[in-house]
1. Being under 15 Å from residue 379 (Cβ atoms), modelled with pLDDT of 90 or more, in the same structural domain as residue 389 (by TED's automatic domain parsing) and out of contact with any strand residue (DSSP E or B) (no Cβ under 7 Å at 6 or more places or on another chain) narrows it down to one residue among 233, 245, 224; which is it?
2. Return only the number of the condition from (1) modelled with pLDDT under 95; (2) surrounded by 15 or more Cβ atoms within 10 Å (Cβ to Cβ); (3) under 30 Å from residue 281 (Cα atoms) that residue 215 does not satisfy.
3. Give the residue that is surrounded by the fewest Cβ atoms within 10 Å (Cβ to Cβ), with candidates limited to residues of segment 360-381 that are touching a residue at least 24 places away in the same chain (Cβ under 8 Å) and not in a helix (DSSP H, G or I).
4. Write out, first by first residue and then by second, each pair whose Cβ atoms fall under 6 Å of each other, whose residues are 6+ apart or on separate chains, and whose first residue, in segment 296-322, is modelled with pLDDT of 90 or more while the second is assigned to a loop (DSSP other than H, G, I, E, B) and surrounded by fewer than 20 Cβ atoms within 10 Å (Cβ to Cβ).
5. So for segment 279-288 (the condition being closer than 20 Å to residue 401 by Cα and modelled with pLDDT of 90 or more), does at least one residue qualify?
6. Anything in segment 147-192 that is surrounded by 14 or more Cβ atoms within 10 Å (Cβ to Cβ), closer than 29 Å to residue 389 by Cβ and more than 21 Å from the chain's Cα centre (by Cα)? List them, or say none.
7. Can we say residue 404 is at pLDDT 85 or above and either in contact with a helix residue (DSSP H, G or I) (Cβ under 6 Å, 6 or more places away or on another chain) or in a loop (DSSP other than H, G, I, E, B) (or both)?
8. Among the residues in segment 348-359, are any outside any loop (DSSP other than H, G, I, E, B), touching a helix residue (DSSP H, G or I) at 6+ places or on another chain (Cβ under 6 Å) and modelled with pLDDT under 80?
């Protein structure tokens, strides 16, 4: 059966086909709408399984279920490449070089583009007027985070995805000319608040006058002080969660690595003798897989030793036990692997396998472990990265060292980090104006 995933206010539909899992973003719709979509996906998959339909040649299974089982052909627009064709060709050529989260983001951007421009839109005919109409449509009808209107930054990211695919298509002789975005105007955007401690956020909320959206924005910008990191990890150590979650939290807090980077880390990347861990990057240099090395603190070394003593196997540093579930037809191609907390009663009755921790499992298990505690306001794994950088900044660590440990940061993100630890800034200013 097709499943539904709700993340950051947006819905995704997940399904399996020939033993592999696929997903596509539906967007910010009602629960009834996404359930209807999932039911329709089940219907289309049933028709394929019963040989009542086939996926047309050159069409992906995701495109097939998204477009109601109808083939989208280039010939339908007089031989011109369509928006759907561009997405399919671009992702097929570049998916090996991109993060899975980046691929999902691009797919979501193209879904929005297809809803406004149409999946059969002839991409070679794209004009500035088409792009401006898209921007205006998304601004008035799109829903943003925390109940706000869709931000200009989000709309610009969607246009950038299209521009990047266009430039690739020019190199492949699929279209010609420059991307027609010169003169494109976006609505004014609101700068995100600087990163703040929980104490600062509590003071602002106590001052009153903030809307629920304002308060949600503040919590999105929260980071933990060094003392709070220790307290949070003590909580995580005893929280009901899969065995990998606590050591993964320690790794995130003391390396500043992104979730995807943590999940790519292998056992061989941890050098206890040199007290160094190697982080594998995909964002720092376009078109190149790079690495950076981060020193391991004594706390992290101890935490990793404890984890490796019970490590369930696989070359990946973070692995998990999972249950193998087979379909009623016992077709091995349609078997599903579901991550499960080791020790749960249900796994005693079913065969177990060991697999690397998946992004979905890590994303779901963290807030589940913090639910009902004072830590439930933390917004995902990225809080650990913000906290790591802020802790280094508070101790006066050279910015170049912080950059080498944390990896790529945009100019905007660097500006937001400049406000970290106001007490440190006050002490610095006090030395100038005693």
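1. Being under 15 Å from residue 379 (Cβ atoms), modelled with pLDDT of 90 or more, in the same structural domain as residue 389 (by TED's automatic domain parsing) and out of contact with any strand residue (DSSP E or B) (no Cβ under 7 Å at 6 or more places or on another chain) holds for just one of 233, 245, 224, which is 224.
2. Tallying (1) modelled with pLDDT under 95; (2) surrounded by 15 or more Cβ atoms within 10 Å (Cβ to Cβ); (3) under 30 Å from residue 281 (Cα atoms), residue 215 fails exactly one: (3).
3. 373
4. Short answer, once both residue conditions are applied: 296/275; 319/312.
5. Checked segment 279-288: at least one residue is closer than 20 Å to residue 401 by Cα and modelled with pLDDT of 90 or more.
6. 186
7. When the stated conditions are applied, residue 404 does not pass them.
8. No, there is no match, as no residue in segment 348-359 is outside any loop (DSSP other than H, G, I, E, B), touching a helix residue (DSSP H, G or I) at 6+ places or on another chain (Cβ under 6 Å) and modelled with pLDDT under 80.
The values are calculated or read from the model by the stated rules, or taken from the named source; none is laboratory data. From a predicted model like this one, the values you see are computed outputs, not experimental measurements. Backbone-built Cβ (ideal geometry, glycine too); neighbour counts: all protein chains shown.
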